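Just so it is clear, none of the values below were taken in a lab; they were calculated from the coordinates. None of the values given here were measured: they were computed from a predicted structure. Every residue, glycine as well, gets a Cβ built from its backbone with ideal geometry; the counts of neighbours run over all protein chains shown.
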Amino acid sequence: EAKAAGRNAIRFFDPDMQRAVNERAHLEQDLRTAIRDGQLRLYLQSQVDTHCQVIGAEALIRWQHHERGLLSPAAFIPLAEDTGLIIPIGQWVLEQSCQLLAHWATQPDKEHLTLSVNVSVRQFMEPDFVTSILAALDATGAPPNRLKLELTESLLAKDLATVVAKMNDVKRWGVRLSMDDFGTGYSSLSYLRQLPLNQLKIDQSFVRHIVSSDHDAAIADMILSLASHLDLSVVAEGVETHDQRNRLEELGCRQFQGYLFGRPVPVAEW
Ligand code: C2E
Ligand code: MG
Ligand code: MG
Ligand code: MG
């Protein structure tokens, strides 16, 4: 058996695959160091209303890597999720975000702003997730109703009763809940009805061609009317042009986020 397995292992050995495995292990080690040594950065991207007034921001993580420069979440969040490093990373984002909210609360021109924070499924499913949110709010004095957690439809692959109970648990403290990338994932409409959400985010894949594609406009239209019936607010993501923004407004959208209004920038520059 061992001999056969050995032969198979040799037959399937692939230098490219080996390189990928090595790179991954290396990146994981780097990421552990990054968390410890403070190489993570919080960026903010504005969210605006129909008058172009800033109503809040989304917190987006970056990694200032010592050799590779500024890395976007796509380069390390999937690895962080696989390895469990998303837990300390998510905790860091949450603490930074609550500190910021507490700071805004002391400034008359910023006290009304909301801050949206992305939450991974793995993070949400941790037994002490709700406790860690409350601890971060408590430690900083951040107003809970200014904190918005962005969840994704992949949560719906988990036990629905558990997910709903947890959502209700955080909402009880005033924290708001938003469904990110809405329309790209699992959710059936019957699931949506059961989730105690405050907001839907129209994914940028529907916004991109909204001006030229009647299909994409129809999806945005459907999301907006659904949200209005369920009493949810809607933010359109990835808005890059005036035409996209205007089309979305025609369909009833009142909140926007995208390069048209501002790219993600470091907190200090925002
Ligand atoms: P997301 O939450 O859907 O965030 C929106 C992404 O779209 C961001 O990418 C943002 O920079 C980008 N974006 C915003 N406006 C535009 C636009 O007008 N055009 C285009 N083409 N793109 C736009 P980013 O910052 O690279 O983040 C990617 C994803 O990584 C996020 O998608 C989110 O799922 C995840 N992520 C970011 N920060 C965190 C975090 O702190 N924790 C977790 N768990 N995930 C995070
Ligand atoms: Mg998001
Ligand atoms: Mg999104
Ligand atoms: Mg996305």
On the formula 1/(1 + (r/R0)^6), with r taken between the Cβ atoms of N22 and N145 and R0 of 45 Å, the FRET efficiency rounded to 0.05 is 0.45
FRET efficiency for D109 and D243 from the Cβ-Cβ distance with R0 = 22 Å, rounded to 0.05, comes out at 0.10
Compute the whole-percent fraction of alpha carbon pairs in the chain spaced more than 28 Å apart.
42 percent
Cleavage-rule hits, chymotrypsin sites (Phe, Trp or Tyr not before Pro), the stretch 175-251, DSSP coil, Cβ neighbours within 10 Å at most 14
Y186
Using only the alpha-carbon atoms, how far is helix 160-171 inclined from the longest principal axis of the chain? Give it as 0 to 90 degrees, nearest 10.
50 degrees
Förster radius 35 Å - calculated FRET efficiency between D214 and T33 (Cβ-Cβ, nearest 0.05):
0.10
Under the definition of Cα pairs under 8 Å and six or more residues apart, what whole-number percent is the relative contact order of the stretch 144-200?
45 percent
Please report the spacing between the Cα centers of the stretch 196-212 and the stretch 101-174 in Å, no decimals.
21 Å
Suppose each label sits 7 Å from its Cα in the direction of the beta carbon; what would the D49-V267 distance come out to in nanometres?
2.6 nm
Those aspartates and glutamates that a straight Cα-Cα span of less than 19 Å connects to K166, excepting residues fewer than 8 apart in one chain:
E126, D128, D138, E150, E153, D180
Inter-centroid distance (Cα atoms) of the stretch 247-264 relative to the stretch 44-79, Å
17 Å
Loop sites in the stretch 168-270: GluC sites (Glu not before Pro), DSSP, at most 14 other Cβ within 10 Å
E240
Using only Cα atoms and rounding to the nearest 10 degrees, what angle (0 to 90) does helix 15-37 make with the longest principal axis of the chain?
60 degrees
Stokes-Einstein translational diffusion, the stretch 65-115 - Kirkwood Rh over all Cα pairs, 1.002 mPa s, 20 °C, in µm²/s:
165 µm²/s
Distance-filtered residues of the stretch 145-159 - backbone nitrogen under 17 Å, label point 7 angstrom along M125 Cα→Cβ:
151-159
How far is helix 2-12 tilted off the main Cα axis of the chain, in degrees rounded to 10, range 0 to 90?
50 degrees
